[in-house]
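The values are calculated or read from the model by the stated rules, or taken from the named source; none is laboratory data. Since this is a predicted model, take the numbers as computed values, not measurements. We place every Cβ from the backbone using ideal geometry, glycine too, and count neighbours over all the protein chains shown. Side chains are part of the model used for accessible areas, which takes the heavy atoms of the whole protein and leaves out ligands, DNA and RNA. Shrake-Rupley method; radii C 1.70, N 1.55, O 1.52, S 1.80 Å.
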Amino acid sequence: MRLCLIRHATLKVEYQGHAFLIDPMLDDAGVRPAIQNSPNPRNNPLVSLPAPAPEVVKGVEAVLVSHTHGDHWDETAARLLAKDLPLFGQEADEAKFRGQGFVNVWPIEDSVRWRDVEISRTGGQHGTGEIGRAMAPVSGFVLRASGEPTAYIAGDTIWCDEVREALARYQPSVVVVNAGAAQFLKGDPITMTADDVLALCQAAPRAHVVAVHMEAINHCLLTRDDLAFQLEAARVRAAIPGDGEWVKS
Ligand SMILES: [Zn+2]
């Protein structure tokens, strides 16, 4: 497998010879307002795509959407993607996808098999307490196929029991985490902080960890440099790709 960070949580993943697109956010920079009640009020996305959106969706065979918050599924993605593409997501989002005209929607409760790839859904906590409940439900995905490394794309979650369980159950060789320490003016971060990423790396010392979901949405305050600095100080390795950068596993 190899994966390319497009921007934020949007990934292109080549897996078992298939081209997957994960959490497509394809709007032009600055077309959406800042997230309400959040620090650093600037229009989103903060940065442009590394390639034009039509080029990003070219050749994609299947799409995985962890949840439908605007930084994981936006209007440009819904408009540009072919309506008959296999679209995998959590059950709670099925009606939304169908309402947008998608006809090949695969809601995943636990696992589905598509071609020769097993796609499993994992849980997560998109924040703590009341905020976490308001942000729910969210999902992550595990990809498995013979001859490929098991890949866990954790989605928007903090370091929590669901993530620990997914690591224990699937023993992934590759783990993609959504960092950025996204937050509102009040309450705890709703995506992974540097400490969360560190905890995950230490809990899965043999996994190749890839940290994304930074520097593209206004309320994600943890930068790539901050994260790299804190991981280095703890002597922990993780890939922190730039937009448009391929990571091999
Ligand atoms: Zn997000």
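Among residues that are within 16 Å of the ligand (Cβ to nearest atom), in contact (Cβ under 8 Å) with a residue 60 or more places away in the chain and in contact with a strand residue (DSSP E or B) (Cβ under 9 Å, 6 or more places away or on another chain), HIS67 is included. Restricted to the stretch 103-132, and to residues there that are in contact with a helix residue (DSSP H, G or I) (Cβ under 8 Å, 6 or more places away or on another chain) and over 21 Å from GLU14 (Cα atoms), the residue that is most open to solvent (accessible area, probe 1.4 Å) is GLU109. Taking the criterion of being in contact with a Ser or Thr (Cβ under 6 Å, 6 or more places away or on another chain) and of a type in the set (Ser, Thr, Tyr), the residues of the stretch 114-158 that qualify are SER120, SER139, THR150. Here ALA199 meets the list (1) closer than 15 Å to LEU5 by Cα; (2) in contact with a Phe, Trp or Tyr (Cβ under 6 Å, 6 or more places away or on another chain); (3) aliphatic (A, V, I, L, M) almost entirely, failing just condition (1). Scanning the stretch 161-187 for residues that are more than 22 Å from ALA145 (Cβ to Cβ), among the aliphatic types (A, V, I, L, M) and more than 16 Å from the ligand (Cβ to nearest atom) turns up just one, LEU185.
Considering every residue within the stretch 181-191, establish whether at least one is in contact with an Asp or Glu (Cβ under 9 Å, 6 or more places away or on another chain) and under 28 Å from TRP106 (Cα atoms). Scanning the stretch 181-191, I find at least one residue that is in contact with an Asp or Glu (Cβ under 9 Å, 6 or more places away or on another chain) and under 28 Å from TRP106 (Cα atoms), so the answer is yes.
Scanning the stretch 188-207 for residues that are away from the ligand (no atom under 16 Å from the Cβ) and in contact (Cβ under 8 Å) with a residue 60 or more places away in the chain yields no hits at all. When we screen ALA77, ALA62, ALA95 for residues that are modelled with pLDDT of 95 or more, within 16 Å of the ligand (Cβ to nearest atom) and of a type outside the set (S, T, N, Q), the only hit is ALA77. Among the candidates LEU200, LEU185, LEU231, the residue that is out of contact with any strand residue (DSSP E or B) (no Cβ under 9 Å at 6 or more places or on another chain) and among the aliphatic types (A, V, I, L, M) is uniquely LEU185.
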